[in-house]
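The values are calculated or read from the model by the stated rules, or taken from the named source; none is laboratory data. Nothing here was measured: the structure is a model prediction, and the numbers come from that model. Virtual Cβ from ideal backbone geometry, glycine too; neighbours counted across all protein chains shown. Accessible surface is based on the protein model in full, side chains and every heavy atom, while ligands, DNA and RNA are left aside. Shrake-Rupley method; radii C 1.70, N 1.55, O 1.52, S 1.80 Å.
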Amino acid sequence: MMEITGSTAAEIFDSVRLLERSGELAPGQALPTVRDLAIRLGINRNTVSTAYRRLAAAGVVVARGRLGTVLRAPSSMAEQEGFVAGSPLDDLASGNPDPDWLPDPAEVMAGKPFRKRLYGEPPVDPGLEDHARKWFAGHCPEAFGIDLAHGSVDALERLLSTYLVAGDKVALEDPCFVSSINTLRVAGLHAVDVAVDADGMRADALEAALAQGAQAVIVTPRAQNPTGASLSAARARKLRSVLARHPHVLVVVDDHFSLLSSSDYHDVIPRAAPRWALIRSVSKMLGPDLRVAFVASDADTSRRLRLRLARGTNWVSHLLQDVVGACLSSRSVAARIARARENYARRRRMLATALAAQGIAVLAPADGLNLWLPLDGHDSRSVAFTLAQNGWLVRGGEAFGVHRPANGLRVTVSTLDGTRAERFARTLRRVLDGR
């Protein structure tokens, strides 16, 4: 029998933590009810309630209402983006850009002088910051700071931890990018699902999520992953109107596809928003291994980010900054990005046309590296499994669902050609028909 001890909330908190670390409390095991523990310890129920709330906020336990309070199971490795090394299957699941469209940094940097940096250098290279300011101008409130992070997921994690604590709620698109879901789980934050349609995040669903107490919202304005949806101008206005009525909410906009997008950028950040950030990564256009993302944000958020990415401690490598700056200022790289944008759009259209010939619909219009195939009346797990038996690797919708599996398939088009697109469409038709 577990022996939780203590007469104060702090002592009960420490007692449960000790029992967890010693293994006397196992994952999934229920704690005594507030009433029972209060009687056993001879203390006020409010003291036990306070301790349990602290344990839940710290991610030690999960409160399940009438089902009680149970010890949280340890986090496991969740599904990630990327290709499957050594797979014999035709990979349409990786979410990767086409390597042929990524620039060669060695060529871009050839002949450029190398400047050694030491502790104390400004965390953001002045030239790169100037470029970023021009890039972000007009796409967010006018007064903003520029900071760098180690990719968009790192930026998202740092922004959320700047303002939120374990147990806080975050409004998240559903279906959603797997890394965003994983980031919230690891941080002990609770996702509130917000439905997405062809025009992006739905305003009515966001309003409902904020009514449930969400303290932050993550919005993808273009090429939403996995659906490929982009915000229309009308939808962006509606979202901005909703957010303006909730000024306490941290607004994070993840414009991950940015320069590669075929869609216009429509801003959702209210002009008077006190806490906001716009993230733009270079992963899709310059390569996932260039771990750099730009973050434009309000002055206070920028100051908080710089405390976590300060000079002399955890700044983004100036060598990486030099490479990114050289690429973004290169005419040849700009031309390559423009051709890649057209190429990805062509491949999306090509697969959509091949699927339409087989009577299979996709969520349209679509942007990004993927197409999303809703599977009404079919289970995505079994469809993905049968496709794998037929030589095709795709992403089933399970990993993209915030609280429940998203019933659909995500198909990466970045390296797909016409012949393979038609073969895949014919195979998928047979699978859906049960043949």
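Grab the Cα-Cα distance for Ala310 and Arg185, subtract it from 0.36 nm times how many residues apart they are, and report the gain in nm with one decimal.
Taking 0.36 nm per residue and subtracting the Cα distance, the gain is 42.4 nm.
With Rg/Rh (Cα atoms, Kirkwood Rh) defined as stated, name the option among [x] 1.01; [y] 0.96; [z] 1.16 computed from the structure displayed.
[x]
Please find, in a Gaussian network model of the chain (springs between Cα atoms separated by less than 10 Å), the residue of Tyr265, Tyr52, Tyr119 whose mean-square fluctuation is greatest.
Of Tyr265, Tyr52, Tyr119, the most mobile in the Gaussian network model is Tyr119.
Accessible area per residue, 1.4 Å probe, Å², for the chain: what's the number? Walk me through the intermediate numbers first.
On the way: 19820 Å² over 435 residues.
Dividing the accessible area of the chain by its residue count gives 46 Å².
On a 0 to 90° scale, report how tilted helix 418-432 is relative to the longest principal axis of the chain, with both axes built from alpha carbons and the result rounded to the nearest 10.
In the chain, helix 418-432 runs at an angle near 40 degrees to the longest axis.
Straight-line reach only, C-alpha to C-alpha below 12 angstrom: list the aspartates and glutamates that Lys169 could link to, leaving out same-chain residues fewer than 8 apart.
Asp193
Under the classification rounded if a/c is under 1.5, otherwise prolate if a/b is larger than b/c and oblate if not, where does the range 229-336 fall, given a ≥ b ≥ c as square roots of the Cα gyration tensor eigenvalues?
oblate
Over the chain, what percent of the accessible surface lies on carbon and sulfur atoms, probe 1.4 Å?
Of the solvent-accessible surface of the chain, carbon and sulfur hold 52 percent.
Using only the Cα atoms of the range 268-317, build the gyration tensor, take square roots of its eigenvalues as a ≥ b ≥ c, and label the shape rounded, prolate or oblate: rounded if a/c is under 1.5, else prolate if a/b is larger than b/c, else oblate. Walk me through the numbers before you get to the answer.
On the way: a/c = 4.89, a/b = 1.26, b/c = 3.89.
Verdict is oblate for the range 268-317.
How would the range 1-53 be classified by its alpha-carbon gyration tensor: rounded, prolate or oblate, with rounded meaning a/c under 1.5 and the a/b versus b/c comparison settling the rest?
prolate
Expressed in nm², what is the orientationally averaged projection area of the convex hull enclosing the Cα positions of the range 280-397? Present the calculation step by step, with values, prior to reporting the outcome.
Details: hull surface 45.8 nm².
Computing the convex hull of the Cα atoms and averaging its projections yields 11.5 nm².
Counting only other residues whose beta carbon sits under 14 Å from that of Asp36, what net charge do I get with K and R as +1, D and E as -1? Provide the component values of the computation, followed by the final result.
Working: positive: Arg35, Arg40, Arg45; negative: Glu3.
Local charge sum for Asp36: +2.
Compute the long axis of helix 45-57 from its Cα atoms, compare it with the longest principal axis of the Cα atoms of the chain, and write down the angle in degrees, 0 to 90, nearest 10.
With rounding to tens, the tilt is 20 degrees.
Which whole-number percent gives the relative contact order of the range 173-312, counting Cα pairs below 8 Å spaced six or more residues apart?
For the range 173-312, the relative contact order is 18 percent.
222 nm [θ] for the chain, helices only, -39500 (n - 2.57) per DSSP H run of 4+, per residue, to 500?
After summing the helix terms and dividing by the residues of the chain, the value is -12000 deg cm²/dmol.
Would you look at the GNM of the chain, springs on alpha carbons closer than 10 Å, and say which of Arg347, Arg72, Arg64 moves the most?
Arg64
How do the peptides 95-105, 200-210 rank, highest first, by the average count of neighbouring beta carbon atoms within 10 Å per residue?
200-210, 95-105
So how long is each side of the range 338-435 along the principal axes, counting just the alpha-carbon atoms, biggest first, in Å?
37, 32, 21
Given a Förster radius of 56 Å and the C-beta distance between Ala137 and Arg21 as r, what FRET efficiency does 1/(1 + (r/R0)^6) yield to the nearest 0.05?
My answer for the efficiency is 0.65.
Looking at the chain as a GNM with Cα springs under 10 Å, which of Arg158, Arg271, Arg115 has the largest mean-square fluctuation?
It is Arg115.
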